[in-house]
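**Student:** Mind looking over this structure? Questions follow.
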Amino acid sequence: MAGKTPKQAVETFLAPIRQAVSCITSSFVISGFDPNRRSKPHVLTVNNGDPVKLTSTPTFYLTVQMQYRVVEVTGERGPWKVTTAGYNYSVQDRLEKELFAYHWHRWIKPSYPHLHVGQASGVNFLRKIHLPTGRIAIEDVLELLIEQFKVKPIRQDWKKTLRKTKAAYETFRTWA
Amino acid sequence: MKRNSKNGFRVLSKDEGEKLLDRQARRYLGMSGKTFVRKWKAKEITNPDRPEVMRVAFLLPFGG
């Protein structure tokens, strides 16, 4: 996401994520951007870092965590841009035990984006396996939860909202 | 960017970030945030890809 200043780039990055997340929770998106250490990774999380209890039967919880960096770039994506440095989208059962999680973290192996199938899913032999995936957008996870896990959205225009915020994300991403 | 912004996002101060890391480290791993940072840097955390470790490790930038 581009901006004229690092701060603006961060705002441009956070706003659509907040909008996307607002489809399932009114919890705040929290970040820790410090302009004095902008080259270092920053954190984005939801609900004060706690799992979000979703409106569903059975009950599910969702943890959203991302890391991002603010980088200087040239061209229409600049002069400042936020680039995602990792994510953890974890879906848990009513006891907050992990069912599955999409991970991407360059700082520990494996560094490719992957899916974990958690113990709570009942498929124990996959617990330590990192199933490769493409890069996953938060919108993909939210849509999955609403469409297939029957999580109740808290806004009626959720489909339009997710389409819009994902389009913004795809316009500015630097990977295919 | 303001705290409690109408945009629905909130930017934490350094102190607030450290507190959040500390709270989650205690919740998921039973140790303080400072201990987690030290152990992580020393590679003393076993199976770092565990869900409970990952949830704290993602907050490491709050640890300075």
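Bear in mind that the values in this text are calculations on the coordinates, not laboratory data. Because the structure is predicted, anything quoted here is derived from the model rather than measured. We place every Cβ from the backbone using ideal geometry, glycine too, and count neighbours over all the protein chains shown.
**Student:** Karplus couplings for the stretch A:132-145 from phi (6.51 cos²θ - 1.76 cosθ + 1.60, θ = phi - 60°), rounded to Hz, Gly and Pro as x?
**Tutor:** x, 9, x, 5, 10, 8, 4, 4, 4, 5, 5, 5, 4, 5
**Student:** Please check chain A for the longest run free of trypsin sites (Lys or Arg not before Pro) that are loop-located per DSSP (anything but H, G, I, E, B) and have at most 16 other Cβ atoms within 10 Å.
**Tutor:** After excluding every exposed loop site, the longest remaining stretch is A:5-93.
**Student:** Charges at C-beta only: +1 for Lys and Arg, -1 for Asp and Glu. How large is the resulting dipole of the stretch B:14-63 about its Cα centre, in Debye rounded to 20?
**Tutor:** Rounded to the nearest 20 debye, it is 120 debye.
**Student:** How far, in nm, would the chain grow between A:VAL73 and A:ARG127 when pulled straight, counting 0.36 nm per residue and subtracting the alpha carbon separation?
**Tutor:** 15.5 nm
**Student:** Taking the alpha-carbon centroid of each part, what is the distance from the stretch A:73-102 to the stretch A:121-156 in angstrom?
**Tutor:** When both Cα centres are located, 13 Å separates them.
**Student:** Which distance in nm do the two modelled labels at B:MET31 and B:GLU44 give, with both placed 7 Å along the Cα-to-Cβ direction?
**Tutor:** Placing both labels 7 Å along Cα→Cβ, they lie 0.6 nm apart.
**Student:** Please list, in order along the stretch A:115-125, the HN-Hα scalar couplings obtained from phi with the Karplus expression 6.51 cos²θ - 1.76 cosθ + 1.60 (θ = phi - 60°), rounded to whole Hz, x for Gly and Pro.
**Tutor:** Computed from phi, the couplings for the stretch A:115-125 are 10, 9, 9, x, 4, 5, 6, x, 9, 5, 6 Hz.
**Student:** For the stretch B:14-64, with the dipole built from +1 on Lys and Arg beta-carbon atoms and -1 on Asp and Glu ones, taken about the Cα centre, which of B:THR35, B:VAL56, B:GLN24 lies farthest toward the positive end?
**Tutor:** Final value for the positive-end residue is B:THR35.
**Student:** With everything on Cα atoms, drop me the angle between helix B:14-29 and the longest principal axis of chain B, reported from 0 to 90° to the nearest 10.
**Tutor:** It works out to around 40 degrees.
**Student:** Sticking with this structure for a sec: Per-residue ellipticity at 222 nm for chain B, helices alone: DSSP H runs ≥ 4 residues times -39500 (n - 2.57), over residue total, nearest 500 deg cm²/dmol?
**Tutor:** Computed mean residue ellipticity for chain B: -15000 deg cm²/dmol.
**Student:** Given +1 on the Cβ of Lys and Arg, -1 on the Cβ of Asp and Glu, and no further charges, what dipole in debye does the stretch A:2-163 carry about its Cα centre, rounded to the nearest 20?
**Tutor:** Dipole magnitude for the stretch A:2-163 comes out near 240 debye.
**Student:** Same structure, new question: Which of the three applies to chain A, rounded, prolate or oblate, going by the alpha-carbon gyration tensor with a ≥ b ≥ c and a/c under 1.5 meaning rounded?
**Tutor:** Note, shape of chain A comes out prolate.
**Student:** I've got another one for you. Rounded if a/c is under 1.5, else prolate if a/b is larger than b/c, else oblate: which is the stretch A:113-176, with a ≥ b ≥ c the root eigenvalues of its Cα gyration tensor?
**Tutor:** It comes out oblate by the Cα gyration axes.
**Student:** In chain B, which longest range has no trypsin sites (Lys or Arg not before Pro) that are both DSSP loop (not H, G, I, E or B) and surrounded by at most 14 other Cβ atoms within 10 Å?
**Tutor:** The longest uninterrupted stretch comes out as B:7-42.
**Student:** Okay, helix-only estimate at 222 nm for chain A: each DSSP H run of n ≥ 4 adds -39500 (n - 2.57), divide by all residues, round to 500 deg cm²/dmol; what do you get?
**Tutor:** The helix-only estimate for chain A comes to -7500 deg cm²/dmol at 222 nm.
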